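The values are calculated or read from the model by the stated rules, or taken from the named source; none is laboratory data. Note that the structure is a prediction, hence the values are computed from the model and not measured. Please note that ligands, DNA and RNA were not included when accessible areas were found on the heavy atoms of the full protein model with its side chains. Shrake-Rupley method; radii C 1.70, N 1.55, O 1.52, S 1.80 Å.
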Amino acid sequence: MLSSGLPPVFLVLTVLELSWSLSEEEKKIILDEHNRYRSQVSPPARAMMKLTWDTELEADAQSHAEKCIWEDEESGGHKENLFAMAPALDLKHAVAEWNGERKFYNLLTSTCLPGQMCGNYKQVVWADTEHIGCGAKLCEKIEGKETENMHLLVCKYFPRGNGSIRKPYWKGPPCSMCPKGTVCVNNLCERETDQPTTGAASTCSGLSLFLLPSAILVGLLL
């Protein structure tokens, strides 16, 4: 008989806690903050796409976060932004820090100040990017950083941006060059067929995936 000295219910909750990812509210914060900064770029963008949440990118990002490794894992045409902080994960602050790199970037010359980072900002406002998915993990230690007990946030984007030469967007009157099949909403080009990809259904589905192994664990302990 399996014995750990801990009540079965406690173990079930522990399994759920370790396996859990971003909540629907947290995903909405990340998405809304990205779209807010994209709608407020200065100078304005003539065709800035509105981001939507993508569950496949989310799964990919969560898989990366679970590894607690500080490095880019660019694959399948995806680009990612990383952020680490403690003691709590402030999602608004994380996106604000990425966007804050704009002070080092010159859109006219498409250059970044020597010794500074601009790649995270360029991805946040990359006009052609339409999908985002993120994951997070509280890591005892993040490989590649001299830190302990920090939250690692990983966001993946598609289509990817961050070309070293190409500008993230072209300036002009907002929505003046939106592609066919889109409408202008808050200075962003929104697909007319866009539907939310997160909600109660995905939450229940995700929960059931974690409850199944937990239920099995309880059965073994009883």
Need the list of aspartates and glutamates near K171 for cross-linking: C-alpha distance under 14 angstrom, and skip anything on the same chain fewer than eight residues off. D128
Using the alpha-carbon centroid of each, what span in Å lies between the stretch 120-136 and the stretch 154-184? 10
Under Karplus coefficients 6.51, -1.76 and 1.60, residue-wise ³J(HN,Hα) of the stretch 92-99 in Hz, glycine/proline x: 4, 5, 4, 5, 5, 5, 4, 5
Accessible area per residue, 1.4 Å probe, Å², for the stretch 24-191: what's the number? 50
Taking only Cα atoms of the stretch 24-191, radius of gyration then Dmax in Å: 15.7, 48
